[in-house]
Amino acid sequence: MLKEKFDLTGKKAFVTGSARGIGRAIAAAFAEYGARVIVHGVKPSAPLEASLAEARSFNPACDAITGDLGDPAAVEAMFARLAEMDAMPDILVACASIQKNIHWSEFDAEEAHHEMEVNFHATLRMFQLAYPKMKEQGWGRLIVVGSVQEQRPHPEMCAYAATKSALENLVRNIARQVAREGITVNNLCPGAFATDRNAAALSNPVYREKVMNAIPMHDTGRPEDAAGAALLLASEAGRYITGTTIMVDGGLRLPG
């Protein structure tokens with residue numbers, strides 16, 4: 001009986017930033033559990049094609065879409081395209097983000113604005129565009145992929161950490177307002193994950209050991225670790241979870 005609650009058959013899911021890493025793992029998991037998934041990348045690429053092929057191995061109805069979340073017009077265009085594809089999402093996962101390693105004293109206004117545009121403003125606008133269908137049908141899932149940096153900010157990623165904290169506040173705000181409409185809104189926060197984004201940093205043995213020593217489990221996360229939590233939040237199994245943050249961080253946020 002419980003197993004059936006994870007079934008996403010008949011649902012349409014849009015996962016931004018799903019050409020690689022955590023986004024790709026979430027997209028594959030949703031497709032494996034029956035959803036028609038639209039994967040996303042900034043532009044056509046081999047990784048995006050590989051992600052789509054993986055999703056289609058579970059559900060041939062899956063498709064791909066491209067667009068730069070740093071361009072507000074591109075966000076509008078993507079949702080117009082989703083409507084044309086009869087793929088307006090029942091489940092929206094905002095996974096795409098950018099981060100720059102720059103000391104706070106050296107961040108210029110243009111770069112800070114760009115990170116806020118991609119990480120925060122685009123997510124808010126996508127939530128607004130996905131909301132009408134979810135409200136009309138009385139069912140929807142809005143999921144942000146945040147970061148452990150909401151609680152443990154990296155000293156050289158001040159703008160990134162700030163955008164993720166803004167998203168956490170947005171989740172709590174919207175969740176209360178749409179809960180009676182059958183829509184849940186949640187924040188999924190990975191810690192230190194072994195993805196393409198972190199490969200270069202973690203290849204440094206000194207830095208890797210420092211990271212490992214900060215994680216109680218003494219292990220990095222794997223993309224499928226986040227995918228399992230996303231599946232819970234996206235399915236009927238998680239219907240009573242809203243306005244919350246789920247940390248998938250091996251305990252990194254814990255004081256010690």
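The values are calculated or read from the model by the stated rules, or taken from the named source; none is laboratory data. All figures in this text were calculated on a predicted structure; none of them were measured in a lab. Positions of Cβ are generated from backbone atoms using ideal geometry, with glycine treated the same way; all protein chains shown enter the neighbour counts.
Against the criterion of being on the phi > 0 side of the Ramachandran plot, at pLDDT 95 or above and either buried (at least 18 other Cβ atoms within 10 Å of the Cβ) or not small (G, A, S) (or both), D86 qualifies. In summary, G191 fulfils each of the numbered conditions (1) of a type outside the set (A, V, I, L, M, F, W, C); (2) buried (at least 17 other Cβ atoms within 10 Å of the Cβ); (3) over 18 Å from R152 (Cβ atoms) with the single exception of condition (3). Considering only region 60-80, I want to know if a residue exists there that is buried (at least 19 other Cβ atoms within 10 Å of the Cβ) and among the hydroxyl-bearing types (S, T, Y). The answer is no; no qualifying residue exists. The residues in region 88-131 that are farther than 16 Å from G23 by Cα, of a type in the set (S, T, Y) and in contact (Cβ under 8 Å) with a residue 24 or more places away in the chain can be counted, and the count is 1. Inclusion of R125 among residues that are surrounded by 15 or more Cβ atoms within 10 Å (Cβ to Cβ), over 25 Å from A192 (Cβ atoms) and within 14 Å of the chain's Cα centre (by Cα) is not warranted. The strands (runs of 3 or more DSSP E) found wholly in region 1-95 and carrying at least 2 residues that are more than 12 Å from A234 (Cβ to Cβ) and not hydroxyl-bearing (S, T, Y) occupy 36-41, 63-66. The C-beta contact set for region 62-76 (first residue closer than 19 Å to E111 by Cα, second residue in a helix (DSSP H, G or I) and among the β-branched types (V, I, T), distance under 6 angstrom, 6+ apart or interchain) comprises L69/V118; G70/V118. For region 216-241, the set of residues classified as farther than 27 Å from A19 by Cα and either of a type outside the set (K, R) or within 14 Å of the chain's Cα centre (by Cα) (or both) consists of P216, M217, H218, Y240, I241, listed by residue number. Within region 126-144, being in contact with an Asp or Glu (Cβ under 8 Å, 6 or more places away or on another chain) and either in a helix (DSSP H, G or I) or more than 23 Å from R239 (Cβ to Cβ) (or both) holds for L129, K133, M134, K135, Q137.
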